[in-house]
Amino acid sequence: MLLRKLGTYNRKSLLYRAFRELGRVERTLFLLRFISSTEVRRVIRAETTKIETYNEFLDWICFGGPVVKSGDPVEQEKQLKYASLVANAVMLSNVADLTDVLSAMAKDGQPVTATLVASISPYIREHIRRFGRFALDMENLPNPLNPQPLPFEIAL
């Protein structure tokens, strides 16, 4: 019954108005926390930067940039899903390569700290030839992924 009442979008409904006011109170409390706390602002800015960086990477991956090629919603959804699939494949490859490099650094005796790892991004693109020629050798298969924990230096 509650869901049916909420689903009607009747602005005269007392329940609708009560939830609207509750939402306004919640939004006001959030804004007050945001204004008064530098830590809340720092966390929100960091997360927003991550999302913007991912979207920039996704736009870079898409050939021709963030252009919607069709007015059909099904085609638009496919375009977004295919772009995300390619971006995730590139990021997986980057993370696997970075993990190998960090493991090699640890074996060489160089310290691998959480601060170092936090400064690395999976959105590396300098090594990708977007518009180059690609030769696919289906006989030369890559090694299987062998996920291992990062070799963090234990801080005392």
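Check whether at least one residue in segment 66-82 is in a helix (DSSP H, G or I) and open to solvent by less than 50 Å² (accessible area, probe 1.4 Å), and report yes or no.
Pass one, segment 66-82, residues in a helix (DSSP H, G or I): 73-82.
The next check asks that each one be open to solvent by less than 50 Å² (accessible area, probe 1.4 Å); those that pass are none.
Looking through segment 66-82, none of the residues is in a helix (DSSP H, G or I) and open to solvent by less than 50 Å² (accessible area, probe 1.4 Å).
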| Lone qualifier among 117, 101, 86 - being in contact with a Cys (Cβ under 9 Å, 6 or more places away or on another chain) and either assigned to a helix (DSSP H, G or I) or touching a residue at least 24 places away in the same chain (Cβ under 8 Å) (or both) | 86
| query | Scanning segment 115-156 for residues that are among the acidic types (Asp, Glu) and loosely packed, with under 10 Cβ neighbours inside 10 Å, which turns out nearest to residue 52 (Cα to Cα)? | reply | 126
| query | If we scan segment 35-57, do we find a residue that is in contact (Cβ under 8 Å) with a residue 60 or more places away in the chain and in contact with a helix residue (DSSP H, G or I) (Cβ under 9 Å, 6 or more places away or on another chain)? | reply | yes
| field | Failed item, numbered, when residue 110 is tested on (1) in contact (Cβ under 8 Å) with a residue 12 or more places away in the chain; (2) part of a loop (DSSP other than H, G, I, E, B); (3) farther than 21 Å from residue 51 by Cα | value | (1)
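The values are calculated or read from the model by the stated rules, or taken from the named source; none is laboratory data. This structure is a prediction, so every number in the text was calculated from the model and none was measured. We place every Cβ from the backbone using ideal geometry, glycine too, and count neighbours over all the protein chains shown. SASA here: full protein model, heavy atoms, side chains in, ligands and nucleic acids out. Shrake-Rupley method; radii C 1.70, N 1.55, O 1.52, S 1.80 Å.
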